[in-house]
Amino acid sequence: MTDAERKTRSTEAFFGRRKGKPLREQQVGRMETILPELKVDLASPVPADLKSLFPVPVDKIRLEIGFGGGEHLVHRARTNPSTGFIGVEPFVNSMAKLLAVVEAEGLKNIRVYDDDAVQLLDWLPEGQIDQIDLLYADPWPKKRHWKRRFVSQVNLERFHKVLKPEGIFCFASDIDTYVNWTLQHCRAHGGFEWTARNASDWLTPYDGWPGTRYEAKARREGRSSAYLTFIRR
């Protein structure tokens with residue numbers, strides 16, 4: 001790894017394992033046929049207008065990094081058909097699960113990327129994303145692993161670049177140390193304004209929030225969640 005690569009951390013994985021149990025035959029088929037159709041091709045020229053990535057007209061672009069089981073991404077795509085969604089998830093089994101729903105429901109306003117989100121962020125043009133969602137990202141709880149947390153000054157600068165002025169960054173987590181980490185990093189960056197005015201603002205789920213499996217697990221284990229919203233200055 002060169003010094004430049006180490007500085008940008010564009011080659012450092014912010015996720016863990018890439019694959020779980022073996023895929024079923026149908027899942028393998030979708031990964032071979034549907035994924036190439038939906039995947040954002042970083043080898044292609046960056047479009048002047050990201051809306052052209054979608055086969056249907058969209059008036060907003062929303063990016064979800066690490067969509068996990070896809071519950072939130074699919075819910076938002078169903079309820080916001082005029083918004084184009086780009087979902088990033090390197091975990092193969094999660095991607096296969098999402099593709100099954102996209103195929104079954106014929107969702108046309110979803111594109112995906114199946115590798116490190118940093119690569120996609122560096123490819124995206126400036127100022128065309130309306131919202132970035134980072135929901136229940138791996139908190140990397142051990143201090144020696146904190147450098148692998150996705151929220152960092154380097155990645156916040158990437159967010160700031162691709163978001164429109166007044167664009168939104170939403171972060172949800174049930175890990176207090178990661179919540180505080182994110183608040184501190186956003187404040188230090190200076191390009192993001194936390195919108196909360198009282199405790200209920202960050203303790204109340206987002207409008208239309210469908211919940212996620214990670215949130216349900218946290219509640220079973222007695223942990224509450226924080227829902228932070230920042231506006232790009």
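The values are calculated or read from the model by the stated rules, or taken from the named source; none is laboratory data. Predicted, not measured: the structure shown is a model, and the values here were computed from it. Please note: Cβ atoms are built from the backbone with ideal geometry, for glycine as well, and neighbour counts cover all protein chains shown.
In segment 2-44, of all residues being modelled with pLDDT of 90 or more and among the basic types (Lys, Arg), the one that is nearest to the chain's Cα centre (by Cα) corresponds to LYS39.
Going through (1) surrounded by 14 or more Cβ atoms within 10 Å (Cβ to Cβ); (2) assigned to a loop (DSSP other than H, G, I, E, B); (3) in contact (Cβ under 8 Å) with a residue 40 or more places away in the chain one by one, LEU121 falls short only on (2). Apart from one condition, ALA100 fits all of (1) more than 14 Å from the chain's Cα centre (by Cα); (2) of a type in the set (Gly, Ala, Ser); (3) in a loop (DSSP other than H, G, I, E, B); the exception is (3). Only one of the listed residues (ARG158, ARG148) is over 28 Å from SER52 (Cα atoms) and more than 12 Å from the chain's Cα centre (by Cα). That residue is ARG148.
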